[in-house]
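A.B. asks: Below are the structure tokens for one structure; questions will follow.
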Amino acid sequence: MQLDRNLLLQLKKPLVLDGPMGTLLIDRGVDLGSKLWSALALLNAPDKVLEIHKDYISSGADIITTNTFRTNPYAIKLSGVNVNSKELVKIAVNLAKKSISTTNKKVLIAGSNAPADDCYLTQRLISESELYNNHSEHIQNLIENKVDFILNETFGDAKEIEIVCRICLEMKFPFAVSVLINSELKTFFNQDLIKTFELIEKHNPLFVSLNCSRPELILKALDVLQDFGPFGVYPNLGSIESFSTGKLVRDFRSDELKIFVEELIKRNVKVIGVCCGGNPKDIKLIRKIVDEL
């Protein structure tokens, strides 16, 4: 299946995206105590990364996301780990491809490209030229390793969003953008949400999305963003404590997730998955709901 914007608009059933890598690695006992976050597992627990990809596929995911959330050059520089971005991206994409090789189902690979710095920052700490160079290199590495599309995810700054959109357009490669919002229904940098989505739409993405925010907040944002689409959604199902203590804190029940997903389908959301705190059981539930349409 070749993913494009028109195909997504015409889909009668949404595509099922996978769930988180980082918080699930923690849940399965992998130490992520580094600025590299989940990318550290590419070096010390690649078997666990492969296992998680396979679990998401067997649970019904149509799209799996490469474990490249923290493999960009700037993140590696901050970590102090003696490895380069190109090497880590190659390992990550190969693990995703290996997981797909065991199934007869067509599964798309989304190349994760995250903010250069911590996604929970509320102000920019590096220059626009540094952002451009960082994302150009990382996106190019993902393209060279043959992902199906770039998933620019958990972006909270409109300027950095504009930069990654421009790069993907310059490279003529399909991409999506997923935005992190705050409780005021603005970007995490407190920028106007509608203007930010208008900016994204000018670059002709496959879809626009919201991720790593609470389900109830996402529903409010969808009311504001109803004129945009196709849309993707993958909410945060766990507490932020997961990042500060190393303990996974899931505080969203499966019955609540069912109601939430049914509401997303009513709103014609085209890509549905879960973010931090989620697991393969959640993907299996989403798959069941979608298949019952």
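The values are calculated or read from the model by the stated rules, or taken from the named source; none is laboratory data. Predicted model, so just to flag it, every value in this text is computed and none were measured. FYI the Cβ positions are ideal-geometry reconstructions off the backbone, even for glycines, and counts take in every protein chain you see.
A.B. asks: Just for region 1-53: of the residues that are touching a Pro at 6+ places or on another chain (Cβ under 9 Å) and under 20 Å from residue 91 (Cα atoms), which one is surrounded by the fewest Cβ atoms within 10 Å (Cβ to Cβ)?
C.D. replies: Among those that are touching a Pro at 6+ places or on another chain (Cβ under 9 Å) and under 20 Å from residue 91 (Cα atoms), it is 24.
A.B. asks: Let me spell it out: the conditions are (1) assigned to a loop (DSSP other than H, G, I, E, B); (2) among the hydroxyl-bearing types (Ser, Thr, Tyr); (3) touching a strand residue (DSSP E or B) at 6+ places or on another chain (Cβ under 8 Å), and residue 71 meets all of them except one. Which number is the exception?
C.D. replies: The failed condition is (3).
A.B. asks: Condition first: of a type in the set (A, V, I, L, M, F, W, C) and under 20 Å from residue 293 (Cβ atoms). Now tell me which residues in region 1-32 satisfy that.
C.D. replies: Taking region 1-32 first, the residues of a type in the set (A, V, I, L, M, F, W, C) are 1, 3, 7-9, 11, 15-17, 21, 24-26, 30, 32.
Selection gives 1, 3, 7, 8, 9, 11, 15, 16, 17.
A.B. asks: Tell me whether region 22-29 contains one or more residues that are assigned to a helix (DSSP H, G or I), within 18 Å of residue 278 (Cβ to Cβ) and among the small types (Gly, Ala, Ser).
C.D. replies: yes
A.B. asks: Among the residues of region 89-119, which ones are part of a loop (DSSP other than H, G, I, E, B) and either within 19 Å of residue 73 (Cα to Cα) or touching a residue at least 24 places away in the same chain (Cβ under 8 Å) (or both)?
C.D. replies: Selection gives 102, 103, 105, 106, 107, 114, 115, 116, 117, 118, 119.
A.B. asks: Same structure again: Among all residue pairs at least 6 apart or on different chains, which show Cβ distances below 8 Å where the first residue, located in region 143-154, is farther than 15 Å from residue 72 by Cβ and without any contact (Cβ under 8 Å) to a residue 12 or more places away in the chain and the second is among the aromatic types (Phe, Trp, Tyr) and part of a loop (DSSP other than H, G, I, E, B)?
C.D. replies: Pairs that qualify, where the first residue is farther than 15 Å from residue 72 by Cβ and without any contact (Cβ under 8 Å) to a residue 12 or more places away in the chain and the partner is among the aromatic types (Phe, Trp, Tyr) and part of a loop (DSSP other than H, G, I, E, B): there are none.
Here is a yes/no grid of residues against (1) more than 23 Å from residue 87 (Cα to Cα); (2) among the β-branched types (Val, Ile, Thr); (3) crowded, with 21+ Cβ neighbours inside 10 Å:
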position: 143; (1), (2), (3): no, yes, no
position: 150; (1), (2), (3): no, yes, yes
position: 170; (1), (2), (3): yes, no, no
position: 195; (1), (2), (3): yes, no, no
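A.B. asks: Can you give me the number of residues within region 168-192 that are in contact with a strand residue (DSSP E or B) (Cβ under 9 Å, 6 or more places away or on another chain) and outside any loop (DSSP other than H, G, I, E, B)? Break it down into steps so the answer makes sense when it comes.
C.D. replies: Start the filter on region 168-192 by keeping residues that are in contact with a strand residue (DSSP E or B) (Cβ under 9 Å, 6 or more places away or on another chain), which leaves 168-169, 171, 173-181, 187-188.
Those left that are additionally outside any loop (DSSP other than H, G, I, E, B): 168-169, 175-179, 181, 187.
Of the residues in that region, 9 qualify.
A.B. asks: Could you give me the residue pairs with C-beta distances under 7 Å whose first residue belongs to region 252-265 and is under 22 Å from residue 230 (Cβ atoms), whose second residue is surrounded by 11 or more Cβ atoms within 10 Å (Cβ to Cβ) and of a type in the set (Asp, Glu) wherever it lies, and which are 6+ apart or on separate chains?
C.D. replies: Taking only residues 6 or more apart or on different chains, the pairs are 257/282.
A.B. asks: Could you check region 85-121 and list, in sequence order, the residues that are polar (S, T, N, Q) and touching an Asp or Glu at 6+ places or on another chain (Cβ under 9 Å)?
C.D. replies: If the condition is that a residue be polar (S, T, N, Q) and touching an Asp or Glu at 6+ places or on another chain (Cβ under 9 Å), then 85, 99, 112, 113 are the ones that fit.
A.B. asks: With the structure loaded, tell me whether residue 159 is farther than 28 Å from residue 89 by Cα, of a type outside the set (A, V, I, L, M), over 18 Å from the mean Cα position of the chain (by Cα) and in a helix (DSSP H, G or I) or whether it fails that test.
C.D. replies: On the way: farther than 28 Å from residue 89 by Cα: no; of a type outside the set (A, V, I, L, M): yes; over 18 Å from the mean Cα position of the chain (by Cα): yes; in a helix (DSSP H, G or I): yes.
In short, no.
A.B. asks: Is one or more of the residues making up region 213-236 within 22 Å of residue 21 (Cβ to Cβ), at pLDDT below 95 and of a type in the set (A, V, I, L, M, F, W, C)?
C.D. replies: no
A.B. asks: Cβ-Cβ under 7 Å, sequence separation 6+ or interchain: first residue in region 156-169 and without any contact (Cβ under 8 Å) to a residue 24 or more places away in the chain, partner surrounded by fewer than 21 Cβ atoms within 10 Å (Cβ to Cβ) and not in a helix (DSSP H, G or I). Which pairs?
C.D. replies: Short answer, once both residue conditions are applied: none.
A.B. asks: Could I ask something else about it? Filter region 86-118 down to the residues that are among the small types (Gly, Ala, Ser) and in contact with a helix residue (DSSP H, G or I) (Cβ under 7 Å, 6 or more places away or on another chain), then identify the one that is nearest to residue 54 (Cα to Cα). Break it down stepwise before answering.
C.D. replies: Initial filter on region 86-118 (among the small types (Gly, Ala, Ser)): 92, 96, 99, 101, 110-112, 114, 116.
This time we only want the ones that are in contact with a helix residue (DSSP H, G or I) (Cβ under 7 Å, 6 or more places away or on another chain), so: 92, 96, 99, 111, 116.
On the way: 92: 14, 96: 9, 99: 5, 111: 17, 116: 28 Å.
Ranking the candidates gives 99 first.
A.B. asks: Whether any residue in region 54-66 is of a type in the set (Ser, Thr, Tyr), more than 15 Å from the chain's Cα centre (by Cα) and not in a loop (DSSP other than H, G, I, E, B) is what I want to check.
C.D. replies: To start, the set of residues in region 54-66 that are of a type in the set (Ser, Thr, Tyr) comprises 56, 58-59, 65-66.
Filter once more, so that each one left must be more than 15 Å from the chain's Cα centre (by Cα): 58-59.
Then drop every residue that is not not in a loop (DSSP other than H, G, I, E, B), which leaves 58.
Yes, region 54-66 contains at least one residue that is of a type in the set (Ser, Thr, Tyr), more than 15 Å from the chain's Cα centre (by Cα) and not in a loop (DSSP other than H, G, I, E, B).
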